[in-house]
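The values are calculated or read from the model by the stated rules, or taken from the named source; none is laboratory data. Not measured: the values here are computed from a predicted model. Because the Cβ atoms are built from the backbone with ideal geometry, glycine has one as well, and the counts that use them run over all protein chains shown. Note: areas computed on protein heavy atoms with side chains; ligands, DNA, RNA excluded. Shrake-Rupley method; radii C 1.70, N 1.55, O 1.52, S 1.80 Å.
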Amino acid sequence: MTPRLTAEFWVQAYLARLRLADIPAFVTTKGDLTAGAVLVKLNPLNGQAWAFQRSFDLMTGERAWVTLAEGAEADVDAAIERQKSFDPDLWVIEVEDRAGRHLLEEEGLA
């Protein structure tokens with residue numbers, strides 16, 4: 001069994017990786033330090049946005065980032081607020097990049 005990173009450790013590593021790529025990102029909601037789920041909001045600063053959540057495939061054991069919401073930024077923010085309303089341990093990271101980079105597809109971030 002693969003050891004699992006704490007939520008805080010993963011978030012700090014993700015923010016460091018984004019900084020190395022000169023991609024601004026901010027923790028907008030700090031969740032449970034150990035086991036909180038993480039949502040990543042991608043904001044390309046054009047009125048649109050995407051929210052990604054990590055999904056676990058029970059059949060393969062693989063983790064992958066899937067789109068929770070996409071479209072107008074206000075609609076994506078509303079979807080994130082709904083998630084926060086029933087998950088008080090949730091972390092939310094906002095990534096602001098006009099080119100739409102979020103690095104979630106890179107090795108080590110799944």
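For the reader, a short list of remarks on this structure follows.
- Mean residue ellipticity at 222 nm, helices only, the chain: -8000 deg cm²/dmol; runs of at least 4 DSSP H residues each add -39,500 (n - 2.57), and the sum is divided by the number of residues.
- Rel. contact order, % - alpha carbon contacts under 8 angstrom, at least six apart, region 6-110: 35
- Overall, the accessible surface of the chain at a probe of 1.4 angstrom is composed of carbon and sulfur to the extent of 53 percent.
- Net charge dipole size for the chain [Lys, Arg +1 and Asp, Glu -1 on Cβ; Debye, nearest 20]: 200
- Computed from label points 7 Å out along Cα-Cβ, the spacing between Asp75 and Glu106 is 3.0 nm.
- Answer label for volume of the Cα convex hull per residue in Å³ (calculated), chosen among [x] 174; [y] 104; [z] 96: [y]
- Heavy-atom accessible area, probed at 1.4 angstrom with all protein chains present, ranks Lys84, Lys41, Lys30 as Lys30, Lys84, Lys41, highest first.
- Tensor-based shape of region 54-109 (alpha-carbon gyration tensor, a/c under 1.5 rounded, otherwise prolate or oblate): oblate
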